[in-house]
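> Following this message is one structure expressed as structure tokens.
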Amino acid sequence: MSWVMFDFGGVIGKYQPEEDVAALAAAAGVSVAQFRDAYWAPRFAYDISALTVTAFWQDVAGRLGRSFTDTQVGELLRLDIASWMHLCDGTVRLIHDLESAGRRLALLSNQPAENARAIAEIPLARHFEHLFFSCDLKAGKPDPGCFSQALDRLGAAAEEVILIDDNEENVRVATRMGMQTIRFTGPEQARAGLAGILGMDRLLSLLAPTGPGWMLAEQKLSVRSQTCWRV
């Protein structure tokens, strides 16, 4: 296997915490339940650059019977980006260990341009040779065309790539295309799956790294890093 390709949201980054969603809803002037429905309906179009940031938030506003000022759009954008930037400790460690073992790493994530640029700027991004975002590909998972573009840019055959993704449909499509896949349910489950696929028992021996050298690396890798949990 030549590449390990990670998803971001729900794998490297946690799902949006409830308090962050509540802050977004408050900024929009609606309840959390109202906000969630309006937020997700046009999200994929935003992810693949079919909507600009302003068009996305005004679409959300229209679904809520509202209209947002430019100032409100700016604040909603700030809160939205921050809500996706809580990293999973265990996945951060796994990425560090894979890179230390000489594995080639890539990222493929459905993200709008503003969020993608923020992700690309975090220290952890330096550990990936390629960062693929739906906003740049103009296609998003689970569209096979999104996966095909990523494979083309890697210069790799499907069987040379292991995809780690939390979304069942994304995993199903990637598997049909010939990729090895791990449906992510937690960082240690993903670590065990990779150890089995790659024949790297050493990955399992590194479950709880310690020492000052590791702590320094952890500090450099993590941005608001927290224990990963499922919701």
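> Quick one: ARG93 ticks every box in (1) at pLDDT 95 or above; (2) in the same structural domain as GLY178 (by TED's automatic domain parsing); (3) assigned to a loop (DSSP other than H, G, I, E, B) bar one, so which box is it?
(3)
> Also, I was wondering about something else. So in the stretch 114-132, with the set limited to residues that are closer than 23 Å to ALA50 by Cα, touching a residue at least 24 places away in the same chain (Cβ under 8 Å) and assigned to a helix (DSSP H, G or I), which one is farthest from the chain's Cα centre (by Cα)?
Within the stretch 114-132, the match that is farthest from the chain's Cα centre (by Cα) is GLU114.
> For the condition farther than 22 Å from TYR15 by Cα, buried (at least 21 other Cβ atoms within 10 Å of the Cβ) and of a type outside the set (Phe, Trp, Tyr), what is the one hit in MET179, MET200?
Numbers: MET200 fails: buried (at least 21 other Cβ atoms within 10 Å of the Cβ).
After applying the criteria, what remains is MET179.
> Counting only residues that are charged (D, E, K, R), within 18 Å of ALA118 (Cβ to Cβ) and under 20 Å from the mean Cα position of the chain (by Cα), how many does the stretch 23-78 have? Walk me through it before giving the result.
Kept after step one, since they are charged (D, E, K, R), are these residues of the stretch 23-78: 36-37, 43, 47, 59, 63, 66, 70, 75, 78.
Retained after the next criterion (residues that are within 18 Å of ALA118 (Cβ to Cβ)): 43, 47, 75, 78.
Filter again for under 20 Å from the mean Cα position of the chain (by Cα), leaving 43, 47, 78.
Result for the stretch 23-78: 3.
> A follow-up question, please. Of all residues in the stretch 24-81, which are of a type in the set (S, T, N, Q) and in a loop (DSSP other than H, G, I, E, B)? Give the steps one after another, and end with the answer.
Narrowing the stretch 24-81 to residues of a type in the set (S, T, N, Q): 31, 34, 49, 52, 54, 58, 67, 69, 71-72.
Once the filter is applied, which keeps residues that are of a type in the set (S, T, N, Q) and in a loop (DSSP other than H, G, I, E, B), the stretch 24-81 yields SER31, SER49, THR52, SER67, THR69.
> Going through the stretch 8-37 one residue at a time, which ones are within 22 Å of VAL73 (Cβ to Cβ) and small (Gly, Ala, Ser)?
Matches in the stretch 8-37: GLY9, ALA22, ALA23, ALA25, ALA26, ALA27, ALA28, GLY29, SER31, ALA33.
> If you don't mind, another one. Looking at (1) assigned by TED's automatic domain parsing to the domain that holds LEU163; (2) in contact with a helix residue (DSSP H, G or I) (Cβ under 8 Å, 6 or more places away or on another chain), can you tell me which one GLY10 breaks?
(2)
> Does ARG103 count as in the same structural domain as GLY145 (by TED's automatic domain parsing) and surrounded by fewer than 19 Cβ atoms within 10 Å (Cβ to Cβ)? I'd like the intermediate steps shown before the answer.
Details: in the same structural domain as GLY145 (by TED's automatic domain parsing): yes; surrounded by fewer than 19 Cβ atoms within 10 Å (Cβ to Cβ): yes.
Considered against the rule, which asks whether it is in the same structural domain as GLY145 (by TED's automatic domain parsing) and surrounded by fewer than 19 Cβ atoms within 10 Å (Cβ to Cβ), ARG103 comes out as yes.
> On the basis of being assigned by TED's automatic domain parsing to the domain that holds ARG202 and surrounded by fewer than 19 Cβ atoms within 10 Å (Cβ to Cβ), does GLU75 make the cut? Working first, answer last.
On the way: assigned by TED's automatic domain parsing to the domain that holds ARG202: no; surrounded by fewer than 19 Cβ atoms within 10 Å (Cβ to Cβ): yes.
No, not satisfied.
The values are calculated or read from the model by the stated rules, or taken from the named source; none is laboratory data. Nothing here was measured: the structure is a model prediction, and the numbers come from that model. Methodologically, a virtual Cβ is constructed for each residue, glycine included, from the backbone with ideal geometry; neighbour enumeration extends over all protein chains shown.
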